[in-house]
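One structure is given here, and the rest of the page talks about it.
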Amino acid sequence: MILRTAKGFHIYYVFDQPMFLRKKRGQFPVLKAAQKMSSFVRQWIQQRVTGVDVGCNNFGIFRIPRQDNLIFFDANMLIQVSALMKWSQYYAAQVPVTDQTGDKVISLSPDEGRQVDQAWFKALLKVTTVKSGHGLARHNTVMTLALAMYQSKISQQRARDVLDVFNSNLHEPLVDREVVQCVRDAYSGDYRGAALSYVQGLLDQWVPNFSGKVVAGIGWHKFAKPRAERQYSHANEWRNDVLALINRMGGSAASVAMSTRQIQAELGISPASLNRVMKQLQATSQLKQVQRGNQPTLLTTVTMLFKSAMVSRQAQSQAWTGYLTTLVPTVGPNGYEPTVGTLTEMQAVSGDSAPPWVMETRRRTG
């Protein structure tokens with residue numbers, strides 16, 4: 001579901017069933033699961049669309065869908081909670097962390113690898129151009145720096161002093177109470193440290209020339225060489241290539257007829273690798289195959305279905321608008337006269353055997 005607002009667009013994933021809150025050992029596991037899914041979805045979209053606010057609050061204030069701000073909704077395009085959770089687990093296992101120095105593995109544990117000693121922290125601390133606006137701005141920057149100091153076991157008072165100086169150096173500083181609140185929230189014990197998604201987003205926005213290591217989380221991270229310097233491609237790279245090819249060949253259609261030989265010829269991928277990639281894409285509900293005997297297989301992706309639905313919705317809206325236009329009287333020699341336009345003509349325009357008001361009822365009721 002897509003909403004248009006005065007400052008941008010809000011995109012909602014509508015689930016096929018609710019996620020019920022159940023307390024377990026004093027916590028709500030479903031909230032953590034929802035937060036991770038939201039974070040991973042935003043990271044994935046940010047890699048493909050510019051201007052995504054990856055730092056928005058997972059459980060903050062959202063726009064309520066209304067007739068005046070709703071620009072797209074299809075009741076049939078529901079998301080299965082289990083499928084999105086499975087995709088999130090798969091995505092979390094292959095989120096890349098870049099390093100330009102080569103292939104290296106770095107280990108961090110809670111007692112080593114202080115975030116304040118890392119290059120990204122020092123780079124952000126020197127920035128003075130952070131200002132209010134869309135995306136990751138002043139509040140997110142101060143909060144991220146405060147979390148890094150909390151993870152590094154810096155005292156809360158020392159963190160306040162450091163961030164007071166940082167805030168004073170900004171061209172458009174925050175009010176003091178907001179800095180104090182950020183430090184208080186960072187040291188509340190609800191967080192372990194600065195999150196990788198926030199760190200990378202801040203660097204992309206405010207330190208675009210940063211070339212150091214980006215290590216924000218705690219655990220194992222593999223730093224891979226650029227693809228051009230490697231002999232073999234990673235599985236996630238092949239998956240992205242296959243999806244991009246199918247989306248490009250399909251255009252705005254709901255599906256496209258393509259054989260595995262065509263895909264192999266276009267991408268230069270081996271049959272075994274392609275077979276493995278296709279199975280992985282289907283397992284995560286990113287790709288669907290329809291076998292047609294000896295004819296090329298029909299392939300469809302989530303992106304293609306979305307584009308096709310948008311085109312179909314636009315055509316129906318135009319047909320409905322055209323029908324309403326036929327009801328407006330015109331001025332003729334003998335006064336007001338109805339315009340000439342029959343229901344049969346409108347059905348021919350819309351491509352649907354039902355009248356426009358029936359199509360609208362279907363859309364509203366699903």
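Things worth noting here:
- Residue pairs whose Cβ atoms lie under 6 Å apart, sitting 6 or more positions apart in sequence or on different chains, and linking a residue in segment 71-94 that is within 19 Å of Lys288 (Cα to Cα) to a partner that is open to solvent by 80 Å² or more (accessible area, probe 1.4 Å) and outside any helix (DSSP H, G or I), are Ile79/Tyr13.
- For segment 152-212, the helices (runs of 4 or more DSSP H) that sit wholly inside it and include 3 or more residues that are acidic (Asp, Glu) and at pLDDT 85 or above are 176-186.
- Of all residues in segment 144-172, those that are among the polar types (S, T, N, Q) and open to solvent by 30 Å² or more (accessible area, probe 1.4 Å) total 5.
- Residue in segment 114-137 that is modelled with pLDDT under 75 and closer than 24 Å to Lys32 by Cβ present: no
- Check on Thr50, without any contact (Cβ under 8 Å) to a residue 60 or more places away in the chain, more than 21 Å from Lys86 (Cβ to Cβ) and exposed (fewer than 11 other Cβ atoms within 10 Å of the Cβ): yes
- Just one of the listed residues (Val311, Val256) is open to solvent by 40 Å² or more (accessible area, probe 1.4 Å) and either β-branched (Val, Ile, Thr) or on the phi > 0 side of the Ramachandran plot (or both), namely Val311.
- Residue check, Leu136 closer than 30 Å to Phe40 by Cβ, in contact with a helix residue (DSSP H, G or I) (Cβ under 7 Å, 6 or more places away or on another chain) and in a loop (DSSP other than H, G, I, E, B): yes
- For segment 54-70, the set of residues classified as modelled with pLDDT of 75 or more and surrounded by 13 or more Cβ atoms within 10 Å (Cβ to Cβ) consists of Arg63, Pro65, Asn69, Leu70, listed by residue number.
- The residues in segment 1-35 that are under 18 Å from the mean Cα position of the chain (by Cα), surrounded by 11 or more Cβ atoms within 10 Å (Cβ to Cβ) and under 23 Å from Arg63 (Cβ atoms) can be counted, and the count is 14.
- Count of segment 114-141 residues, restricted to those that are within 23 Å of Gly8 (Cβ to Cβ) and open to solvent by less than 20 Å² (accessible area, probe 1.4 Å), is 4.
- Among the residues of segment 245-268, those identified as hydroxyl-bearing (Ser, Thr, Tyr) and outside any helix (DSSP H, G or I) are Ser252, Ser255, Ser259.
- Restricting the first member to segment 256-283 and to residues that are under 24 Å from Trp87 (Cβ atoms), and the second to residues that are open to solvent by less than 40 Å² (accessible area, probe 1.4 Å) and of a type in the set (Lys, Arg), the beta-carbon pairs closer than 8 Å and six or more apart or on different chains are Val277/Arg239; Gln280/Arg239; Leu281/Arg239.
The values are calculated or read from the model by the stated rules, or taken from the named source; none is laboratory data. For clarity, every value in this text was computed on a predicted model and none was experimentally measured. No Cβ is skipped: glycine too gets one built from the backbone with ideal geometry, and neighbour counts run over all protein chains shown. Protein only, heavy atoms only, side chains kept; ligands, DNA and RNA dropped before computing areas. Shrake-Rupley method; radii C 1.70, N 1.55, O 1.52, S 1.80 Å.
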